[in-house]
1. What's the total number of residues in the range 289-323 that are surrounded by 24 or more Cβ atoms within 10 Å (Cβ to Cβ), within 26 Å of the chain's Cα centre (by Cα) and either of a type in the set (A, V, I, L, M) or over 18 Å from Leu8 (Cβ atoms) (or both)?
2. Any idea which of (1) assigned to a loop (DSSP other than H, G, I, E, B); (2) open to solvent by less than 10 Å² (accessible area, probe 1.4 Å); (3) more than 21 Å from Gly18 (Cα to Cα) is the one Val106 doesn't satisfy?
3. Anything in the range 549-565 that is part of a loop (DSSP other than H, G, I, E, B) and not aliphatic (A, V, I, L, M)? List them, or say none.
4. Name the one entry in Gln535, Gln559 that is in the same structural domain as Val299 (by TED's automatic domain parsing) and either β-branched (Val, Ile, Thr) or surrounded by fewer than 24 Cβ atoms within 10 Å (Cβ to Cβ) (or both).
5. Anything in the range 34-51 that is assigned to a strand (DSSP E or B) and either open to solvent by less than 10 Å² (accessible area, probe 1.4 Å) or more than 17 Å from Ser262 (Cβ to Cβ) (or both)? List them, or say none.
6. Show me the strands (runs of 3 or more DSSP E) found entirely inside the range 254-336 where at least 1 residues are over 20 Å from Gly132 (Cα atoms).
7. Name the residue that is nearest to Trp125 (Cα to Cα), counting only residues in the range 52-94 that are in a strand (DSSP E or B) and open to solvent by less than 60 Å² (accessible area, probe 1.4 Å).
8. Say whether the condition of being out of contact with any helix residue (DSSP H, G or I) (no Cβ under 9 Å at 6 or more places or on another chain), assigned to a strand (DSSP E or B) and within 30 Å of Gly139 (Cα to Cα) is met by at least one residue in the range 363-382.
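The values are calculated or read from the model by the stated rules, or taken from the named source; none is laboratory data. Keep in mind that what you see is a predicted model, and the values were worked out from it rather than measured. So basically every Cβ, Gly included, is an ideal-geometry build from the backbone, and we count neighbours across all protein chains shown. Just the protein is used for accessible areas: all its heavy atoms, side chains included, with ligands, DNA and RNA removed. Shrake-Rupley method; radii C 1.70, N 1.55, O 1.52, S 1.80 Å.
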Amino acid sequence: MAESEVNLTKTYDAIVIGSGAAGGMAAHVLTSHGLQVLLLEAGKKLPVEKELRSMEWPYDNPYRGQLSPDQHSLTFNEYTIRNPPYGPGSEKAKHLKSYIGSSDYVKNIVVDERENPFTGTNYAWVRARCLGGKTNIWGRLALRLSDYDFKAKSRDGYGEDWPISYSDIAPYYDKVDLYLGITGVKENLPYLPDSIFQRPTKLNCAEVTLKDSLAKIGRVLTQYRAGVTSDGLKHNKYRSRCYGRGACERKGGCDIHAAFDSPTGLIYPAMDTGNLALRTNAVVREITVDPQTGKASGVHFIDSQTMKDYAVRAKVVVVAASTLESARLLLLSKSRLHPNGLANSSGHVGHNFCEHIMGPGVTGRARNLVGKPPTLDDGRPGGFYLTRFRNLAEKHPKFIRGYGFEGGSGSTMFPRGTDAHGFGAAFKEEVRKNQGAFISMGAFGEVLARYENYVDLDPVVKDKWGIPALRFHYKFGDNEHRMAEDMKETAQEMFEAAGFEITHVSSRVLTEGWSIHELGTSRMGNDPKTSVLNQFQQSHDVKNLFVVDGSAFVNASCQNPTWTIMSLCWRSCDYLADELSKGNL
């Protein structure tokens, strides 16, 4: 879809900053209400199909799908040993990418770390400045939260409850399911509500073995709940149904758009309404305010290519730049009326930062599958999800909250088990014989939201565009590390009980940020003294300012957040449109 020249002299009904899951959803909902919307994206519009190339075999790529020698992707050891910014010390590489940018297929989607530095504590911050943001490469797991999450404080006494319940957001989860498509199987679990599922993928032999074994101890393994349309969507001409082909495990990404991405799922349909203007390469540096009223009046942005500065006005400003970038933007937007940053009278902007802890997991081999003919498991958008089982009916003595596992088995385009020792014909035969027999899973656990885990602005370091960089003050705590120990132990126990031969147990905790599930920093709540936003993600301080990405989360839960981000955003934008029509903004 071609971009047209954007009129920067008119006053829009709403400016939306960011084009990922939240920004795309805001554009979709607001334009459907008839509002004139300007969508600003810091990066360019990429020909994503040419980037992802999911049908390309490794041997058809000059570097077997890896980066060219002039590019470098940060490793776990570098994140652990070195301190940010990570640019200094990697001068040999022309381009420096985050750990996600380790393949030729996503190198242009993630940012160059040198152009986008940050400082402070170690953090694996993954950013994608392009139309659609990280939805171009997301892992696709689409889970709902429940009142076990929304009312977690009422259950265990820690933190704060959300100002909403599951019943408030459930209708919007349904809307997202129907508009974007999701695969899965109903399980009727109170702590993991079901979606309106399309046709699910099938579990393979090793996965069924694990599922049956877990059922004996009351634990639930279900098909991967993927934000993918398996039956197709009659209302969307930009997306295809899933054909179960292609290398889906390559850091996400779907070049036929069966998996949800913001451009084809939300932005292009919004542009078809005639109510959406799109401006890419627009790096927003400040939300402007009316000096008389203190309300948001528009934004200042820099063209990322020409370095020219622009201003544009709107009746409402919707921030959807992703959790950390949104916090950065609010802190940057200081004025006489808002000396500590916009919407920050509570002092909570940037604080209560949370995410998911990763690392512990297990790999095993199903002996009965060794030497069996290979199966086609490449085209599945995911394998399985093992649902939370801790701190539900019984309280764990060492930690609060919970974790789940993502995993899979089967044959893939690039075979599993190539790290085995050996060489030559015998080695190749060993890989062929075993590659379909491996099964693995890794845990995602809730990181508690703590005021002392926060981000602020670095007083010295700036990015390529002269904008102050973000500085991290963030570490996992005792609860997370005790949970990680339990993850490792239970993973091994469950594989042994299923009869798998354990080939590797991972006990290391990956660097903070590895989950790419940044949440909090502008949490919602009923008390303006301890929260930034109300239940509709509207600023307590500035009534025509909304922050509709993961910033509003009160806690992280252990479920992947994308579906909740979009459901909350839909609910908030319905409210925004109604309030604007009443003249209340």
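1. 9
2. Among (1) assigned to a loop (DSSP other than H, G, I, E, B); (2) open to solvent by less than 10 Å² (accessible area, probe 1.4 Å); (3) more than 21 Å from Gly18 (Cα to Cα), the lone unmet condition for Val106 is (3).
3. The initial filter retains those residues of the range 549-565 that are part of a loop (DSSP other than H, G, I, E, B), namely 549, 553-561.
Listed by number, the residues that qualify are Asp549, Phe553, Asn555, Ser557, Cys558, Gln559, Asn560, Pro561.
4. Details: Gln559 fails: either β-branched (Val, Ile, Thr) or surrounded by fewer than 24 Cβ atoms within 10 Å (Cβ to Cβ) (or both).
The unique qualifying residue is Gln535.
5. The first filter runs over the range 34-51 and keeps only residues assigned to a strand (DSSP E or B), leaving 37-40, 44.
Matches in the range 34-51: Val37, Leu38, Leu39, Leu40.
6. 282-289, 296-303, 309-319
7. In the first step, residues of the range 52-94 are kept if they are in a strand (DSSP E or B); the result is 66, 71-73.
Next cut, open to solvent by less than 60 Å² (accessible area, probe 1.4 Å) only: 71-73.
On the way: Gln71: 18, His72: 15, Ser73: 12 Å.
Residue satisfying both the conditions and the ranking: Ser73.
8. We begin by selecting, within the range 363-382, every residue out of contact with any helix residue (DSSP H, G or I) (no Cβ under 9 Å at 6 or more places or on another chain); these are 367, 373, 376-382.
Going one step further and asking which of them are assigned to a strand (DSSP E or B), we end up with none.
No, every residue in the range 363-382 fails to be out of contact with any helix residue (DSSP H, G or I) (no Cβ under 9 Å at 6 or more places or on another chain), assigned to a strand (DSSP E or B) and within 30 Å of Gly139 (Cα to Cα).
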